[in-house]
Every structure is written in C-alpha cells, then in structure tokens.
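**Q** Sending over a structure as structure tokens; questions will come in a sec.
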Amino acid sequence: MICLGIEGTAHTAGVGIVDGEGKVLANIIKMIGGEVKGIHPREAANHHVKNLPGMIDKALEEAGIAPEDLDLIAFSQGPGLGPCLRTAATAARATALSIGIPIVGVNHCVAHLEIGRVVTECEDPVLLYASGGNTQIIAFAGGRYRVFGETLDIGIGNLLDKFGREMGFEFPSGPEIEKLAKKGNELLDLPYSVKGMDVAFSGVLTAALQLRKKGASIEELCFSIQENCFGMLVEVTERAMAHVEKEEVLLGGGVVQNRRLQEMVEIMSKERGAKMFVPPGRLCVDNGAMIAWTGVLMHRNGVHFNIEDTKVNQRFRTDDVDVVWRR
Ligand code: AMP
Ligand code: MG
C-alpha cells in the first residue's frame, strides 16, 4: 500500500509518501519564512496554493512512482488555520478524485505521535508535542489519545517566534534563540506558569519584552526563556508519565529539535528509568509523511471517507479521534 499525505495546517506545506510499513519514500517540506512577519492565514494559504501542485509532482518523482501507483490520499483535516486547511484539503480531493482512489482526513496532532512511533519504534509513549501553534502532552488511555496537559494560550514555538520577531530575527526564530541562549548563563526572572497540568506562555513573552526594554541582554533573555519554559514542559511531561505509568517519552513538533530541550527531557527520563525517543528533524516538524502514515493506519483499519466527510475542522481535538488501529 502506498499513501500520499498532504500537510497544510499552518505555516508549512508538506507532501509525503509512505509505504505500508511506514517507510518514508518522499517528504517534501516548504515553510513560509525569511522575511515574513509571522503567519497571516490567507498569505500562508496562498503559499500552499502556489507550492502544493509542484510539491506533489516532486514527491512522486523522489519516490520513483507514478500517480497510478498510489493507493490512498491522506490530508491534515485539523486542527489549524481555516484557509490553510481548506487549501490542503482541496489539493487532496483533486488528487484523489483525478486518480480515483480513496481519501482520508487525519488529525494533525495524532499524526505527530504516529510517525514518531513507527520511526523510533517506541510502543506506548507519552508525547511531548511542542510546535509553533500547539503545545500538548498526549498519551493513549482508554482507547483514545488523551491530552493530559496543554498550553492555555499560545504554543511554545509561537512564543519563540514572537519574541524573535521583536528582536528582529527571521521567522522561524527558534534556531537563532537556541544559538544565542548558549551565550547566556544568568537566569532572569520570568513567570513560571504551570497550572495543574497546563502551561501558559504569553506572560513570559510580555515579561521578556519588558526586561529587554529595561536593558537585559538578548543572550540572557534567550537563555532564560529556554530554561524557564522548557522546565515547565518537562515538569508537566514528567507528571503525565507518572500519572499514566508510561516509561517512554516521545518528542514531536519543531521545537523539540532544540538540543537543550532534548537534554532536559533526557535527564528527566533517565532519573525515572524511562526512555526518550526523538524522530529525525524532518519528521518532527509539520510534514506530509506523518499524515500519509496515519492515513495508512486508518484506512487499513476500516476508516473510509466520502467526499462529504472531507470538510476541514479547525478545532479538531486530539481526543475526538477514534483510534481504531490500536484496539
Ligand atoms: P512546527 O510548528 O512543528 O512545524 O515547528 C515550527 C516551530 O519550531 C517554530 O515555532 C520554530 O521557531 C520552532 N523551532 C525550530 N527549530 C527550533 C529550535 N532549534 N529551537 C526551538 N524552536 C525551534
Ligand atoms: Mg505540528
């Protein structure tokens, strides 16, 4: 079975192709970037409109297959920005209808978890999903992927990108912040907002910008934002692991490419006798391969969509997905 997956929830257009074992045959990724000042939903959608057709051709070429070799089309049905989601869904519908093959809509957050499971070969992890728009701690419990903790306001990546924008960095700003943080060592006073199992980041942004106005160095601020916010994430991840009694932690989302975050999660998991799993970077960020693989799991377990079922769902909740493939 060969599936082509189309990702387009927010800033990234992705087209991936996987086979029935989860082997990635192609994974083309195009993120809006550089000069843009954050994500404007309509402009991001225009970016996807412009890029997706060529990316589909390129993915087929990279996989060395013809359109007729495809058995299934999967697309990111939500959660995400309406205009972006509708663009990806339209590309998916057009492709599926023109070849005459089935189509399935995939939950983006679940896809991050499933690609991680297949490529790292972990079994039943707690996922720390830290990306631009999303920050969630997810684990399988009672037949569904449950969200044990999440951000109450903005995603961790969004905090980094917004702070970076104010500092004049390019979008996305995570890598630049990681680089500068290495030069800092004084922990500045930022709000540590853990509320039960949830976290909040917008207060950190406000406080950091105020400190900058008062003359704090950018390096110290980058260092402090990372130590403070990653500490919050590690705390709630550990609590979720203890609660659901799982001994694996999987990382997903673009922010987990950060070495300092990986190091902190690794220390925590070692101390608990647990194991950390990190997929390759191109499978951590938003990508089409993760959508394709989750599509395979769904299709193989009897999930079938009519074209009317392919409407996008901006608020598609992780725990709304009936995880038939893990029954
Ligand atoms: P995603 O939304 O999952 O595609 O990931 C994109 C987000 O990852 C953006 O907010 C980036 O700023 C962030 N990101 C990328 N690389 C790093 C890094 N090395 N450290 C922290 N954040 C990063
Ligand atoms: Mg994502």
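One line per residue, one yes/no per condition, for (1) out of contact with any Lys or Arg (no Cβ under 7 Å at 6 or more places or on another chain); (2) surrounded by 14 or more Cβ atoms within 10 Å (Cβ to Cβ); (3) of a type outside the set (Lys, Arg):
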{"residue": "Ile291", "(1), (2), (3)": "yes, yes, yes"}
{"residue": "His299", "(1), (2), (3)": "yes, yes, yes"}
{"residue": "Ile307", "(1), (2), (3)": "no, no, yes"}
{"residue": "Arg327", "(1), (2), (3)": "yes, no, no"}
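**Q** Please verify whether the stretch 259-269 includes one or more residues that are under 28 Å from Thr12 (Cβ atoms), in contact (Cβ under 8 Å) with a residue 12 or more places away in the chain, within 16 Å of ligand 1 (Cβ to nearest atom) and in a strand (DSSP E or B).
**A** Checked the stretch 259-269: no residue is under 28 Å from Thr12 (Cβ atoms), in contact (Cβ under 8 Å) with a residue 12 or more places away in the chain, within 16 Å of ligand 1 (Cβ to nearest atom) and in a strand (DSSP E or B).
**Q** Sticking with this one: Report, by residue number, each residue of the stretch 270-327 that is over 26 Å from Val236 (Cα atoms) and free of Cβ contacts under 8 Å to residues at least 24 places away in the same chain.
**A** Those that are over 26 Å from Val236 (Cα atoms) and free of Cβ contacts under 8 Å to residues at least 24 places away in the same chain: Gly302, Asn306, Glu308.
**Q** Same structure, new question: Checking Leu127 against (1) more than 14 Å from ligand 1 (Cβ to nearest atom); (2) in a strand (DSSP E or B), which single condition isn't satisfied?
**A** Of (1) more than 14 Å from ligand 1 (Cβ to nearest atom); (2) in a strand (DSSP E or B), only one is false for Leu127: (1).
**Q** Tally time: how many residues in the stretch 7-26 are more than 14 Å from ligand 2 (Cβ to nearest atom), at negative phi and either within 20 Å of the chain's Cα centre (by Cα) or in a strand (DSSP E or B) (or both)?
**A** So the count comes out to 8.
**Q** Could you tell me which residue of the stretch 96-144 is surrounded by the fewest Cβ atoms within 10 Å (Cβ to Cβ), considering only residues that are within 16 Å of ligand 2 (Cβ to nearest atom) and either of a type in the set (Val, Ile, Thr) or more than 15 Å from the chain's Cα centre (by Cα) (or both)?
**A** Val119
**Q** Kindly provide the set of residues from the stretch 162-181 that are within 16 Å of ligand 2 (Cβ to nearest atom) and open to solvent by less than 30 Å² (accessible area, probe 1.4 Å), ordered by number.
**A** Selection gives Phe171, Gly174.
**Q** Go through the residues of the stretch 20-38 one by one and say whether even a single one is closer than 20 Å to Leu113 by Cβ, touching a Cys at 6+ places or on another chain (Cβ under 7 Å) and away from ligand 1 (no atom under 14 Å from the Cβ).
**A** Checked against the condition, which is being closer than 20 Å to Leu113 by Cβ, touching a Cys at 6+ places or on another chain (Cβ under 7 Å) and away from ligand 1 (no atom under 14 Å from the Cβ), the stretch 20-38 yields no hits at all.
**Q** Working only within the stretch 248-263, note down all residues that are surrounded by 18 or more Cβ atoms within 10 Å (Cβ to Cβ) and under 15 Å from Ile177 (Cβ atoms).
**A** Those that are surrounded by 18 or more Cβ atoms within 10 Å (Cβ to Cβ) and under 15 Å from Ile177 (Cβ atoms): Gly254, Val255, Val256, Gln257, Asn258, Leu261.
Matching residues to (1) of a type outside the set (A, V, I, L, M); (2) free of Cβ contacts under 8 Å to residues at least 60 places away in the same chain; (3) in contact with a helix residue (DSSP H, G or I) (Cβ under 9 Å, 6 or more places away or on another chain):
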| site | (1), (2), (3) |
| --- | --- |
| Lys195 | yes, yes, no |
| Phe201 | yes, no, yes |
| Leu205 | no, yes, yes |
| Leu209 | no, yes, yes |
| Lys214 | yes, yes, no |
| Ile218 | no, yes, yes |
| Leu221 | no, yes, yes |
| Gly231 | yes, yes, yes |
| Val244 | no, no, no |
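**Q** Same structure, new question: Of the residues Gly157, Gly184, only one is in a loop (DSSP other than H, G, I, E, B), open to solvent by less than 20 Å² (accessible area, probe 1.4 Å), touching a residue at least 12 places away in the same chain (Cβ under 8 Å) and not hydrophobic (A, V, I, L, M, F, W, C); which?
**A** Only one candidate passes the filter, namely Gly184.
**Q** Sticking with this structure for a sec: Can you name the residue in the stretch 11-21 that is modelled with pLDDT of 95 or more and in contact with a helix residue (DSSP H, G or I) (Cβ under 7 Å, 6 or more places away or on another chain) and is also farthest from Leu85 (Cα to Cα) among such residues?
**A** Gly20
**Q** Among (1) open to solvent by 10 Å² or more (accessible area, probe 1.4 Å); (2) touching a Phe, Trp or Tyr at 6+ places or on another chain (Cβ under 9 Å), where does Met1 come up short?
**A** Tallying (1) open to solvent by 10 Å² or more (accessible area, probe 1.4 Å); (2) touching a Phe, Trp or Tyr at 6+ places or on another chain (Cβ under 9 Å), Met1 fails exactly one: (2).
**Q** Name the one entry in Gly253, Gly231, Gly288 that is within 15 Å of ligand 1 (Cβ to nearest atom) and at positive phi.
**A** Residue meeting the stated conditions: Gly253.
**Q** Which of the residues that make up the stretch 154-164 are closer than 13 Å to Thr206 by Cα and of a type in the set (D, E, K, R)?
**A** The one that is closer than 13 Å to Thr206 by Cα and of a type in the set (D, E, K, R): Lys162.
**Q** Moving on. Conditions first: (1) more than 27 Å from Gln210 (Cα to Cα); (2) near ligand 1 (Cβ under 10 Å from one of its atoms); (3) of a type in the set (Phe, Trp, Tyr). Phe169 passes all but one, so which condition is the exception?
**A** The number of the failed condition is (1).
The values are calculated or read from the model by the stated rules, or taken from the named source; none is laboratory data. The model shown is predicted, which means the values in this text are computed figures rather than measured ones. Every residue, glycine among them, receives a Cβ derived from its backbone with ideal geometry; neighbour counts consider all protein chains shown. Surface areas here come from the heavy atoms of the whole protein model, side chains and all, with no ligands, DNA or RNA. Shrake-Rupley method; radii C 1.70, N 1.55, O 1.52, S 1.80 Å.
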